[in-house]
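Right, one structure below, let's go through it.
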Amino acid sequence: MAAASTSACSVAFSPACGGSAVDFCAAVRLTRAPATHLVLTRGTALEIYSLCVSRVPSGTKAPRGAMDGIAGAELELLARVELAGTLQALRALRLPGESHDSLLLSFAPAKLSLVEWDGVSHTLRTRAARSWEGLMDEVGCVDTDAPLTIASDPTASLALLVAHSSFVIALPLPPLARVGSARWCTRAHSPPPH
């Protein structure tokens with residue numbers, strides 16, 4: 001089996017342009033179906049959108065402005081999840097053996113979560129979470145306002161978190177069989193009531 005790679009979608013997961021209400025965004029494939037989803041964060045909210053495309057029926061004249069048989073497109077909000085803090089970084093990655101993407105999220109001062117879309121409950125499910133909040137006290141580092149940085153190796157088996165401007169924390173990502181192991185704790189995110 002070939003090694004898994006980071007997300008097949010290569011859209012930036014960096015902060016959006018100034019003046020935008022969007023903090024981070026990523027185009028990901030959250031389900032096994034060949035559909036692209038857009039993930040946006042705004043403050044403490046994470047929103048997941050699906051692209052709905054209307055095609056021109058075969059044998060009919062395409063409306064003015066239609067391209068390649070597409071009559072129109074719109075984003076449909078699939079879920080809005082309130083996070084337990086303001087997101088510092090967002091990264092999409094494909095874990096080994098998976099046919100869909102997961103999201104790697106980081107929160108201040110030094111927290112890392114691995115979440116994935118649950119198609120049955122239409123929510124995000126936490127596959128793994130880890131915190132190094134006591135890191136500053138343990139090693140005596142000076143807290144800085146520098147944002148957290150996250151990355152993964154090309155096989156998506158290792159997550160890297162740069163915290164407090166000078167500490168690189170490497171953490172193995174859980175393969176399918178090790179989800180919920182002692183290194184990570186798991187829990188589910190529930191959407192807020194409508």
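The values are calculated or read from the model by the stated rules, or taken from the named source; none is laboratory data. On a predicted model such as this, the values are computed, not experimentally measured, just so you know. Note: ideal-geometry Cβ built from the backbone for every residue, glycine included; neighbour counts use all protein chains shown.
Taking segment 98-120 as the region of interest, how many residues are farther than 13 Å from residue 160 by Cα, among the hydroxyl-bearing types (Ser, Thr, Tyr) and modelled with pLDDT under 90? Step through it out loud before you land on a result.
Of segment 98-120, the ones farther than 13 Å from residue 160 by Cα are 98-103, 107-109, 115-120.
Among the residues that remain, those that are also among the hydroxyl-bearing types (Ser, Thr, Tyr) are: 99, 102.
Add one more test, that the residue is modelled with pLDDT under 90, and what stays is 99.
Residues that pass the stated criteria total 1.
Can residue 35 be described as over 21 Å from residue 151 (Cα atoms), within 17 Å of the chain's Cα centre (by Cα), without any contact (Cβ under 8 Å) to a residue 24 or more places away in the chain and surrounded by fewer than 20 Cβ atoms within 10 Å (Cβ to Cβ)?
On the way: over 21 Å from residue 151 (Cα atoms): yes; within 17 Å of the chain's Cα centre (by Cα): yes; without any contact (Cβ under 8 Å) to a residue 24 or more places away in the chain: yes; surrounded by fewer than 20 Cβ atoms within 10 Å (Cβ to Cβ): yes.
When the stated conditions are applied, residue 35 passes them.
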(Q) Given the criteria free of Cβ contacts under 8 Å to residues at least 40 places away in the same chain and in a loop (DSSP other than H, G, I, E, B), does residue 71 qualify? (A) no
**Q.** Sole residue being at pLDDT 90 or above and either under 15 Å from the mean Cα position of the chain (by Cα) or not in a strand (DSSP E or B) (or both), chosen from 46, 77, 95
**A.** 46
